[in-house]
1. How high is the relative contact order of the range 231-374, in percent, with contacts defined as C-alpha pairs under 8 Å that are six or more residues apart?
2. Taking the full set of protein chains and a 1.4 angstrom probe, give the accessible area of Asp111 in square angstrom, rounded to the nearest 10.
3. Of Glu287, Glu123, which has the most accessible area and how do the rest follow, probe 1.4 Å?
4. If each residue of separation counts as 0.36 nm, what is the full-extension length gain between Glu72 and Leu553 once their alpha-carbon separation is subtracted?
5. If you wrap a convex hull around the alpha carbons of the range 341-489, what volume per residue comes out, as a whole number of Å³?
6. Provide Leu213, Leu401 ordered by accessible surface of protein heavy atoms (probe 1.4 Å), highest first.
7. Filter the cross-link list Lys191/Lys270; Lys268/Lys306; Lys308/Lys332; Lys183/Lys380; Lys86/Lys450 down to pairs whose alpha-carbon distance in this structure exceeds 29 Å.
8. Rank Gln181, Val223, Pro198 by how far each Cα sits towards the positive end of the charge dipole of the range 178-226 (+1 on Lys, Arg Cβ; -1 on Asp, Glu Cβ) and give me just the farthest.
Amino acid sequence: MASQEEEINIATKDSPSEKGKAVIGENVSVNDFTKKGFSEIVEATKCINSFPQGASRDLYCAYPTFGRIIDEQSHRILGLISHVFKWQNIRGNIQRRQPDEQFDMLLECNDAIFDRLQSNLDELAGIKKNPQTVVVESCINNITPVKTTCKGAGAWNLKTNDIRPLISARLITAKNIPRPQVKFQIPVDNKADQPFMPRLKDKPNSLKPLAILPEYDESGDVVSYLHPYEFELMKFEVPSERLKARESPQVPKDMKETELVYVDTAEKLKNVLQELSQANELAVDVEHHNYRSFLGFTCLVQISTKLKDYIFDALELRDDMHILNEVLTNPKIVKIFHGADLDIEWLQRDLSLYVVNMFDTHQAAKALNYARLSLAFLLKVYCDIEIDKTFQLADWRIRPLPDELIAYARQDTHFLIYVYERLTNDLLKAGNEQPQLLRGVYQRSTELCKKRYVKPVITQSSHLDMYRKSKQLFDNRQLYALREIFQWRDTIARQEDESYNYVLPNHMMLQIAENLPREMQGILSSCNPIPPLVKQHLFPLHQIILKAREQPLVKPIINTETTQRTVSVSVKDYNSKLYCPHDLTHLEEIQDLPTLINFKSDSEQQINSDDGDRVPSVCLKKAALRFYDKPNNCEEEQLIIKRKRKEKDLILQPYYRYLAMLPIVEKEKLDEAARIEAEEKNIQLCPTTVVDNTVTEEKVIKTEEDAYSVSVKEMLKRKREESSSSKNIACVRSNVKRPKTGPQNNQFSTEKRVNGSEEGLNKPVNSDESANDNGNDNLNILSKEGPSSSQSLAQEQQKSDKKKLKNKHKSKKSGSSPKSYQSSNKPIQIDFDYNKVDFNKFKGGAQKAKPTEFKQQFHGKNNANKSQNKKLNKLFTFSQVKGNKK
């Protein structure tokens, strides 16, 4: 096989006189070649069949010589097959695969070889011809102007007769466009797990040698690679001549008068490079295509000087364009772009081109605060030219390029150098002839040059961005289907090297996820028109939807997107002591007004006139009323204030504070006792027998002296009589009922009670006042005299308390004497003195008897008290009817 492959030499000659003929070897026709090939194949098959098989093969393999020869020949054949695979662009190493996988690779290679042979034979026979590219232009005619009338409440400020602008669009595409990716020598790498790696082989205009260094994450994986010209961009400084004004910029010639150079070969590229290196300014633009490619690719590069326009075919010169780095990375030559955000990344990815010393006209227009930032607006302002942007979405893969696309590509760079010169002058004028504003544009442009291309990577939540923008509400089944279809689309797009919109557009994907069709036909009905790759992979797409329908239905909980509001940071520090909201001195209207600080007398206040003479000004009088003036206090108030200040300044020890609080506590006790006594007087139910008020102090003294002279037996008798009398009174009180009196008696009794309460309340009030006076005096004495006076005051207070307790005890003993009760036949006594009544015995009604007292009253010998209780009940009935016993 090897000798035959070495002897066979295939060469095709395409000449108009010898079409359909092929020369194989020397003077051999195709028929002879096929006959010889079949004979060789039959002979090789016979040799293979003669090898031992089955049990006999195992017997032969027992000999080491046979096994060594078989292994050598097998390695040799696999090596030849691997070379054929590389020639046929079949990926994979057949020597490291299992037998089943090796057989599959052989079938794949045979299919590719037979397809290529069949197509070549058809082309030689004239049956098949290369399809020519057919350019198709679709236009939308101008829409007739329509008058719109504003109706509705919200359209009050709009014009009633607005005319819509004319709409026109032109789309140029072509049929049978071959895929440029097939011709790329370095295949496109769409894998997400491998970051983009720069393919730069040499580094012109370098300050640091070429080093493509990787960047690692925490786990040790390569995330990205450093920018090859990052050091040069950091050290770049704008040349001083670029920060000066351009003198008399000249308007460029018309495109028809300017020479156009179309570069599509390596020889032309080298010649153009020498011309570009002599220029000082270069206008650069890029045309890109991304519909029939996953990552996209650069189709054209336009470069213009003041004399010529150049168009480089990036599809043909993809692997040779890197030599332009000699010009693009030269810091002495300024490169002019417009909106270079994406152009910088596309040049790095596809052509290995990098830029140093760039001026972005988009950033310059932004610095000048223009109303619009597009190139068409700048050309209209500076050149008074209206360019046609209808070819912006054209298919730049078309070869040869139509004249319309060439003209469109030229106009993007033809006038850009003139716009750059005008913008430079305007930036210097806006900066008051200072280069700071112009330098800032260069710095922002340099930051754009530092950008690095990053491959698109999807995550588990990438589909949620599209879902939120759609403003639809999906359940968990629909979200599951959307996530799985999104990942399926990403996988197919990377494998087929197609864009997302070509595989399955977003609106179709949302429609399928929302409907969840049960049948395959439902998937096709959700797409209009049906994408080709959806037809090819309809079955796996249908399996995803069926699996989504099997998911349990759960209400989805989606994290709402948090909108971050920008808070305006105030420069004023409100916490500062120097800040005052009423400080208006920074205002122009307030600066010349007179203030109290600058107040002068009438003689001193004079105003200078325009002639220089001093003119007396208007007299300024002080206000009669002022908000911040303090009133003049009298002498007494000042003395009181001074005394209070001294008391605050005086620091007492805890013991002296305790002594100072004693009179205050005593005063509160007296006030509480007076209040309780007044309440008990008002609660009294009925008067008791009149107490003789003719007892003098001498009799009281005598009774006390007699008490000490009486014997012990007599004292015991008196105590027994007092206890029996007290028990009888308690029984009477428990059985007494409120008398039923007429209106006259009620009025009379209420008047007497009121008078009595007024008389009884006079004395406690006086005592309280005296106590207050004493308390104040004690405090004053304590604060002046010191601790010795406070001790004597406490001793006097204790003596007075003991005397009061003795007097209370004596009054109780005197009140325990036997009293005469009033009968029901006698009239009620009117002249009753309520001041002599002991109100402590009336505590809101009858007292509840204790269990022990209850048993003594109603059981045993004490039953005789019932008759006595009946008599007492008769005494306390206030009716004049006599009770007759039955």
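The values are calculated or read from the model by the stated rules, or taken from the named source; none is laboratory data. The structure presented is a predicted model; accordingly, all values stated were derived computationally and were not measured. Don't worry about glycine lacking a Cβ; one is built from the backbone with ideal geometry, like all the others, and counts go over all protein chains shown. To get the accessible areas, we keep the full protein, side chains included, count just its heavy atoms, and leave off ligands, DNA and RNA. Shrake-Rupley method; radii C 1.70, N 1.55, O 1.52, S 1.80 Å.
1. Reported relative contact order: 22 percent.
2. 90
3. Values: Glu287 15, Glu123 95 Å².
From most exposed to least exposed: Glu123, Glu287.
4. Details: separation 481, 0.36 × 481 = 173.16 nm, distance 6.26 nm.
Answer, rounded to one decimal: 166.9 nm.
5. 189
6. Ranked list, largest accessible area first: Leu213, Leu401.
7. In this structure, Lys191/Lys270; Lys183/Lys380; Lys86/Lys450 lie more than 29 Å apart at Cα.
8. Among Gln181, Val223, Pro198, the one farthest towards the positive end of the dipole of the range 178-226 is Gln181.
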